[in-house]
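Have a look at this one.
The values are calculated or read from the model by the stated rules, or taken from the named source; none is laboratory data. Here the structure is a predicted model, which is why all the values come from computation and not from measurement. Here the Cβ is made from the backbone with ideal geometry for all residues, glycine too, and neighbour counts use every protein chain on show.
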Amino acid sequence: MDFLRPLVPSDAAACTRVSSSRGWPHGEAEWRMVLEQGEALGVLLDGRLEGTVVLTRFGQSIASISMMVVTPGQGRSGLGTALLSAALEAAGAATVFLYATEMGHGLYLRHGFVDAGATVRLIGPFSGRPPHRTDIRHLRRADHPAVLALDEAAHGAPRHGLLAWHLAAADQQEVAERDGVVVGFGLARDGLGRRILGPVVARDEDATIGICSALAAGATLPVQLDVAPGEKGLLAWGRSAGLAAAETRSLMVRHGDPLPGERGLIRALASRAHG
């Protein structure tokens with residue numbers, strides 16, 4: 001190994017090359033966001049980036065690991081172990097979670113991660129109808145404090161930087177409001193040839209379905225959402241609206257530690273990189 005070094009947003013093109021070598025669809029824009037939000041490390045061999053990992057902290061007590069990838073030519077060479085070990089050392093005592101690919105699952109088990117659920121990716125043409133409801137409306141700037149507070153309650157930690165990026169990237173933002181109180185929110189944007197829904201955080205299933213129906217209605221691209229672990233109502237809604245389960249990934253937590261927050265409020269992930 002030549003060396004392990006921090007990665008910065010200007011490394012996004014090289015990171016895209018590495019993830020593309022494994023068939024991952026992430027583009028430079030998504031990589032740039034991940035690099036801005038987290039602490040990334042890369043392995044360079046003969047001056048060429050051959051592997052990456054990103055640790056993203058939410059407050060002091062919880063962190064995610066993502067973008068853990070090594071080029072095919074360096075598979076089973078120990079680079080993945082070196083990257084993961086360095087990220088876990090940097091995480092310290094924080095509760096660490098990730099969404100594992102099938103390829104990486106065994107590596108994570110060997111490093112003390114425990115299965116804690118699964119996320120299902122739904123994708124397909126949306127055949128549902130827009131909701132005709134008075135409690136679903138467009139998100140306003142004045143709603144931002146309530147949205148941030150609801151997201152923090154759900155995840156047990158502040159994610160202000162991450163939500164700021166998603167709010168800026170979203171071309172549609174919806175909330176559920178009852179008696180003057182925001183009880184749910186959801187965002188949607190176009191990317192990678194799809195209409196991507198998420199994050200969606202809501203107090204109950206009815207608000208969840210209303211928000212997602214509003215976000216998906218009229219989509220000309222296939223709709224995609226990563227359903228949060230244990231979220232049965234949204235899964236059933238998606239299937240009834242023509243979406244199909246395309247992929248499942250295991251939620252894993254180091255040492256099996258409990259994740260903080262009111263996790264039942266998390267309906268659709270912001271991404272599998274961050275939950």
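State whether one or more residues within region 145-154 are part of a strand (DSSP E or B) and within 21 Å of G238 (Cβ to Cβ).
Checked region 145-154: no residue is part of a strand (DSSP E or B) and within 21 Å of G238 (Cβ to Cβ).
Taking region 63-88 as the region of interest, how many residues are on the phi < 0 side of the Ramachandran plot, more than 19 Å from the chain's Cα centre (by Cα) and not in a helix (DSSP H, G or I)?
4
G42 fails exactly one of the following numbered conditions: (1) within 25 Å of P158 (Cβ to Cβ); (2) in contact with a Cys (Cβ under 9 Å, 6 or more places away or on another chain); (3) among the small types (G, A, S). What is the number of that condition?
Failed condition: (1).
Let me ask you something else. Tell me which of these L122 doesn't satisfy, since it passes every other one: (1) among the aliphatic types (A, V, I, L, M); (2) in contact with a Leu (Cβ under 6 Å, 6 or more places away or on another chain); (3) in a helix (DSSP H, G or I).
(3)
Is it the case that some residue within region 253-265 is on the phi > 0 side of the Ramachandran plot and under 15 Å from the mean Cα position of the chain (by Cα)?
no
Can I ask one more? Sort through E39, E30 and tell me the only one that's touching a residue at least 40 places away in the same chain (Cβ under 8 Å), among the charged types (D, E, K, R) and within 20 Å of E247 (Cβ to Cβ).
From the options E39, E30, the qualifying one is E30.
Let me confirm something: among L122, L163, which residue is out of contact with any strand residue (DSSP E or B) (no Cβ under 6 Å at 6 or more places or on another chain), at pLDDT 95 or above and aliphatic (A, V, I, L, M)? Write out each step before concluding.
On the way: L122 fails: out of contact with any strand residue (DSSP E or B) (no Cβ under 6 Å at 6 or more places or on another chain).
None of the other options fit; the residue is L163.
I want to confirm something. Restricting to region 61-79 and keeping residues that are of a type in the set (V, I, T) and free of Cβ contacts under 8 Å to residues at least 60 places away in the same chain, which single residue is farthest from A100 (Cα to Cα)?
So, considering only residues that are of a type in the set (V, I, T) and free of Cβ contacts under 8 Å to residues at least 60 places away in the same chain, the one farthest from A100 (Cα to Cα) is T71.
For region 230-257, give me each residue that is in contact (Cβ under 8 Å) with a residue 40 or more places away in the chain, surrounded by fewer than 19 Cβ atoms within 10 Å (Cβ to Cβ) and not polar (S, T, N, Q).
G230, L235, R239, G242, A244, A245, A246, E247, H255, G256, D257
Considering only residues that are charged (D, E, K, R) and outside any helix (DSSP H, G or I), look in region 21-62 and name the one that is surrounded by the most Cβ atoms within 10 Å (Cβ to Cβ). Working first, answer last.
At the first step, the residues of region 21-62 found to be charged (D, E, K, R) are 22, 28, 30, 32, 36, 39, 46, 48, 50, 57.
Those still in the list that are outside any helix (DSSP H, G or I) too: 22, 39, 46, 48, 50, 57.
On the way: R22: 13, E39: 16, D46: 6, R48: 12, E50: 23, R57: 20.
Within region 21-62, the match that is surrounded by the most Cβ atoms within 10 Å (Cβ to Cβ) is E50.
Follow-up question, since we're still on this one. Please state which one of G27, G38, G23 is under 21 Å from H166 (Cβ atoms), modelled with pLDDT under 95 and not hydrophobic (A, V, I, L, M, F, W, C).
G27
Among the numbered conditions (1) surrounded by fewer than 24 Cβ atoms within 10 Å (Cβ to Cβ); (2) modelled with pLDDT of 95 or more; (3) within 27 Å of E36 (Cα to Cα), tell me where E177 comes up short.
(3) is the only condition that E177 fails.
Kindly establish whether P158 is closer than 28 Å to R57 by Cα and outside any strand (DSSP E or B).
Here the answer is yes, as P158 does meet what is asked.
Being among the hydroxyl-bearing types (S, T, Y) and touching a Lys or Arg at 6+ places or on another chain (Cβ under 8 Å) is the filter here; which residues of region 86-132 pass it?
If the condition is that a residue be among the hydroxyl-bearing types (S, T, Y) and touching a Lys or Arg at 6+ places or on another chain (Cβ under 8 Å), then T95, Y99, T101, T119 are the ones that fit.
Follow-up question, since we're still on this one. How many of the residues making up region 38-54 are of a type in the set (V, I, T) and under 11 Å from Q74 (Cβ atoms)?
Number satisfying all stated conditions: 1.
What's the number of the only condition in (1) surrounded by fewer than 17 Cβ atoms within 10 Å (Cβ to Cβ); (2) under 24 Å from L225 (Cβ atoms); (3) without any contact (Cβ under 8 Å) to a residue 24 or more places away in the chain that S127 fails to meet?
Every listed condition holds for S127 apart from (3).
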